[in-house]
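Engineer: The structure that follows is given in the form of structure tokens.
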Amino acid sequence: MLLTTGQAAEELGCAVTTFRRLVQAGLLPGLSQRGVRVMTPLPAVHALSTRQHASLHCLDAAEIAVLRVDAAQPSDEPDRDWIGFSAALTPEDLLKALRGWWRCDAPSVAAGGVLPVTLSGYVVAVLTGLHRWEKGNSGRHAFPDARLAGYVTDLVTPQVVIPDGPDGDRELADLLLGRRLASHSGGAIAYVPTHSAS
């Protein structure tokens with residue numbers, strides 16, 4: 001059975017625009033076209049609806065930052081071609097698209113030790129190596145030494161890519177990638193308690 005974008009969004013309990021971001025980011029396999037409509041297989045929607053929430057209680061920090069992004073869009077900035085997330089980007093382009101420039105409290109981001117990247121409430125990438133930051137003229141921050149600990153190419157299964165890196169990066173990627181992670185913020189960066197202090 002195939003669902004329209006509206007039906008899929010209703011099944012997931014989210015806005016149509018929220019579901020559309022997953023489609024635009026290339027994270028859902030098996031899509032088809034029916035006229036101008038994008039059709040999604042029902043099993044794919046069920047897989048997303050039953051996805052577990054990220055378990056943060058084992059992280060050392062009492063709070064971590066979460067980077068909430070949209071599907072990748074072309075950027076006119078000199079140091080990157082894209083901003084946001086797409087499963088089709090190379091790891092190098094994806095890292096550049098995610099490591100800055102964001103309005104945030106940079107010391108708080110760094111103190112968390114990990115920056116999950118969410119798209120429509122699902123963790124699609126994980127950044128580490130956040131100890132150093134730069135501040136731009138507009139008050140936004142970038143993390144030039146950030147590492148891409150892992151990212152998702154298919155959110156339904158999910159299929160993840162974990163580049164070679166420190167063991168700690170791999171553990172964080174395994175813990176977070178493909179899971180749900182709710183966060184609320186007026187901007188790109190939100191702060192989420194891990195409950196590790198309780």
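The values are calculated or read from the model by the stated rules, or taken from the named source; none is laboratory data. All values derive from a computational prediction rather than experimental measurement. Backbone-built Cβ (ideal geometry, glycine too); neighbour counts: all protein chains shown. Areas reflect the complete protein model, heavy atoms only, side chains present, ligands, DNA and RNA absent. Shrake-Rupley method; radii C 1.70, N 1.55, O 1.52, S 1.80 Å.
Engineer: Taking segment 82-115 on its own, how many of its residues are in contact (Cβ under 8 Å) with a residue 24 or more places away in the chain and of a type in the set (Val, Ile, Thr)?
Structural biologist: Within segment 82-115, residues that are in contact (Cβ under 8 Å) with a residue 24 or more places away in the chain and of a type in the set (Val, Ile, Thr) number 2.
Engineer: Can I ask one more? Pick from segment 38-55 the residues that are surrounded by 14 or more Cβ atoms within 10 Å (Cβ to Cβ) and free of Cβ contacts under 8 Å to residues at least 40 places away in the same chain: which of them is nearest to the chain's Cα centre (by Cα)?
Structural biologist: Checked segment 38-55; the qualifying residue nearest to the chain's Cα centre (by Cα) is THR40.
Engineer: Here's another thing I want to ask about it. Name, by its number, the condition in (1) under 18 Å from SER86 (Cα atoms); (2) open to solvent by less than 40 Å² (accessible area, probe 1.4 Å) that does not hold for GLY26.
Structural biologist: Unmet for GLY26, out of (1) under 18 Å from SER86 (Cα atoms); (2) open to solvent by less than 40 Å² (accessible area, probe 1.4 Å): (2).
Engineer: Among the listed residues ASP79, ASP60, ASP70, identify the single one that is in contact with a Lys or Arg (Cβ under 7 Å, 6 or more places away or on another chain), loosely packed, with under 13 Cβ neighbours inside 10 Å and in contact (Cβ under 8 Å) with a residue 12 or more places away in the chain.
Structural biologist: ASP79
Engineer: THR128 - would you say it is touching a residue at least 24 places away in the same chain (Cβ under 8 Å), open to solvent by less than 30 Å² (accessible area, probe 1.4 Å) and hydroxyl-bearing (Ser, Thr, Tyr)?
Structural biologist: yes
Engineer: If a residue counts only when it is under 28 Å from TYR191 (Cα atoms) and not basic (Lys, Arg), which strands (runs of 3 or more DSSP E) contained entirely in segment 1-90 have at least 1 such residues?
Structural biologist: 63-68
Engineer: May I ask you to list the residues in segment 157-197 that are surrounded by 15 or more Cβ atoms within 10 Å (Cβ to Cβ), charged (D, E, K, R) and part of a loop (DSSP other than H, G, I, E, B)?
Structural biologist: Listed by number, the list holds a single entry, ARG179.
Engineer: ARG21 versus (1) under 17 Å from the mean Cα position of the chain (by Cα); (2) surrounded by fewer than 16 Cβ atoms within 10 Å (Cβ to Cβ); (3) of a type in the set (Lys, Arg): which is the lone unmet condition?
Structural biologist: With (1) under 17 Å from the mean Cα position of the chain (by Cα); (2) surrounded by fewer than 16 Cβ atoms within 10 Å (Cβ to Cβ); (3) of a type in the set (Lys, Arg) applied to ARG21, the lone miss is (2).
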